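Read the figures in this text as sums done on the coordinates, not as results from a lab. If you're wondering where the values come from, they're calculated on a predicted model, not measured in any experiment. Using ideal geometry, Cβ is built from the backbone for each residue, glycine included, and neighbour counts are taken over all protein chains shown.
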Amino acid sequence: MEAVTLSDKQQRRARVIERLCSGILTTGEAASLLHLSDRQVRRLKNAFMQSGFHALVHGNTKRPPANRTSSRVVQEAVRLCGSDGPYHDFNVCHAKQVLEEHHHLAIGRSTLDRLLKENGTRKPHRRKPQVKRSRRVRSACEGQMIQIDGSPHDWLEGRAPRMCLMGAIDDATNQVVYARFHPTEDQKGYLMLLRSVAIRYGIPMSVYHDKHTILRSPKEPTLEEELAGVKPMSQVQRVMETLGIEAIAANSPQAKGRVERLWKTLQDRLTKEMRLAGINTLEDANDFLTAYIERHNRRYAVPSRESAMAWVPHGERQDLARLFSTMEVRTVANDHTVSVAGTTYQILRRSADKSLSGRRIAVHVTPEEEIHFYHGGNRLEHMVCAPNTTVPDRATVTVVPEAYDIVQIALEHRRNSFKAHRGLAPLSQQTPPNGAST
């Protein structure tokens, strides 16, 4: 006779059914003890009377599950994600997606995680103790707030110098609205970021950023600035002030956690995707990034709570070179020239225009290093002055006696006659000018 192994729950159910069969318990009492209906209790009683304790064991016991992953899929997944496989350092979610997209291996995330841990390829993740913070509710509509930041990282894993990925993410939808690689996190990159977002989507109502000096000036106002009510601002800060964007400085990385989590995801996934695609230069990385961000947004973007858009159109007639550029003030010289970075520019004007000599004008430099001059909001025509040339050394001129004219010969004859009368040597015997021989 085959032995039957019962669990604690099944043993308790067997004792109740035995008492039911012996008449100690009624059907209602047994149903109450087993938390079953009367019909289920009668079914168990009939099965127990026919098959004994085998009736209490589930029919699928010791049978392989119908949704069990095939051994072929398991072996292939372990091979690709193992220590020698191309996806050895992919996280479990990323590895699952890559296996499904590129190798058509359908395997669950938890199953893959369990298999890799059983194989010794992955170790259990130990979470650090978290600091308790209050959650900030997402913005209600798209364009109400964007979070901007730069992420210096070895994006190409030593195949090229370190780069900085500068990006912006919408707070309401989790959509990446800008991403581009730059050599470093600089002022030029943030100006290009704001300009690109304004052209493609519009001007956001607010920008959440860290306390980098590019985005927020650390200078204290002078006494004159305090009296005038002016605060020191960086160039990017001035641009946001001009556009009417509310600049919010975060006090911790967790405050702008949406963009920080974006960097964590991209540093884990994008680096490996570029490795598989054979990306080795900054230019190729930016070309690859366009299609990758579109796939990223399709996967991770979420709808906003409100369907309305908060983007403010920048206007087709707006001068983008004036809005998204650095600005300095220069004084026009008397000859209508301005010197910028060692180069002299001639401010052109018509005869009917008033002179700008002694006036202060604004010099705007775009991220592409194009220079434009403005006065009273109007762009001024200009041209680059030719550099000053050095004056050549004065050449030595030799006086030739044959070049004397007739008057000079006559004068020499009269002087010789006068000197002969005085007993002096004639002029013809004296050394001619510049040592020329006669």
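Using the Cβ atoms and a cut-off under 12 Å, what net charge is assigned to the surroundings of VAL302, where Lys and Arg are +1 and Asp and Glu are -1?
+2
Kindly identify segment 121-225 as rounded, prolate or oblate by the Cα gyration tensor criterion: order the square roots of the eigenvalues as a ≥ b ≥ c, call it rounded if a/c is under 1.5, otherwise compare a/b with b/c, prolate if a/b is larger, else oblate. Taking the square roots of the gyration eigenvalues as a ≥ b ≥ c, segment 121-225 is rounded.
With a threshold of 21 Å on the Cα-Cα distance, the over-threshold entries among LYS123/LYS256; LYS62/LYS117; LYS9/LYS45; LYS9/LYS62 are LYS123/LYS256; LYS62/LYS117. Charge dipole (Cα centre; +1 on Lys/Arg Cβ, -1 on Asp/Glu Cβ; no other charges) of segment 8-56 amounts to roughly 100 debye. Summing Cβ point charges (Lys, Arg +1; Asp, Glu -1) relative to the Cα centre of the chain gives a dipole of roughly 2520 debye. Mean-square fluctuations from a GNM of the chain, with a 10 angstrom spring cutoff on Cα atoms, peak among THR281, THR121, THR343 at THR343.
Can you give the FRET efficiency to the nearest 0.05 for ARG350 and GLN97, using r as the Cβ-Cβ distance and R₀ = 56 Å? Mind dumping the intermediate values first?
On the way: r = 64 Å, r/R0 = 1.14.
Efficiency computed from Cβ-Cβ geometry: 0.30.
Ranking GLN346, ALA47, VAL329 by Cα position along the charge dipole of the chain, where only Lys, Arg, Asp and Glu carry charges on their C-beta atoms, puts ALA47 farthest toward the positive end.
Could you tell me whether segment 8-56 comes out rounded, prolate or oblate from its Cα gyration tensor? Rule is a ≥ b ≥ c as square roots of the eigenvalues, rounded for a/c under 1.5, then prolate if a/b exceeds b/c, otherwise oblate. It comes out rounded by the Cα gyration axes. Placing pseudo-labels 7 Å out from each Cα toward the beta carbon at SER134 and LEU227 gives an inter-label distance of 4.2 nm. For the chain, set up a Gaussian network in which alpha carbons nearer than 10 Å are linked by springs, and say which option among ARG114, ARG275, ARG258 fluctuates the most. Ranking ARG114, ARG275, ARG258 by mean-square fluctuation puts ARG114 first. Rounded, prolate or oblate, given the Cα gyration tensor of segment 71-119, with a/c below 1.5 counting as rounded? Rounded is the answer for segment 71-119, as its axis ratio a/c remains below 1.5.
Taking Cα centre as origin and charging only the Cβ of basic (Lys, Arg, +1) and acidic (Asp, Glu, -1) residues, the dipole magnitude of segment 226-345 rounds to 640 debye. Put a dot 7 Å past each Cα toward the Cβ at HIS104 and ALA47; how far apart are the dots in nm? In this crude label model, ALA47 to HIS104 measures out at 4.1 nm. For segment 41-80, trypsin sites (Lys or Arg not before Pro) are listed when DSSP marks them as loop and at most 12 other Cβ atoms sit within 10 Å of their Cβ; the list is LYS62, ARG68.
Of the residues SER32, ALA168, VAL365, the one whose Cα sits farthest toward the positive end of the charge dipole of the chain, with +1 on the Cβ of Lys and Arg and -1 on the Cβ of Asp and Glu, is SER32. Proximity of backbone amide H atoms, modeled 1.01 Å from N, is registered between VAL340 and TYR345 at under 5 Å, excluding neighbours fewer than 5 places apart on the same chain. Largest mean-square fluctuation among GLN50, GLN318, GLN237, in a Gaussian network model of the chain whose springs join Cα atoms under 10 Å apart, belongs to GLN50. Placing unit charges on each Cβ (+1 for Lys and Arg, -1 for Asp and Glu) gives segment 209-255 a dipole about its Cα centre, and among GLN235, ALA255, LEU223 the Cα reaching farthest toward its positive end belongs to ALA255.
Phi-derived couplings, Karplus 6.51 cos²θ - 1.76 cosθ + 1.60 at θ = phi - 60°, listed residue by residue for segment 378-383: 9, 6, 9, 6, 8, 8 Hz, with x used for Gly and Pro.
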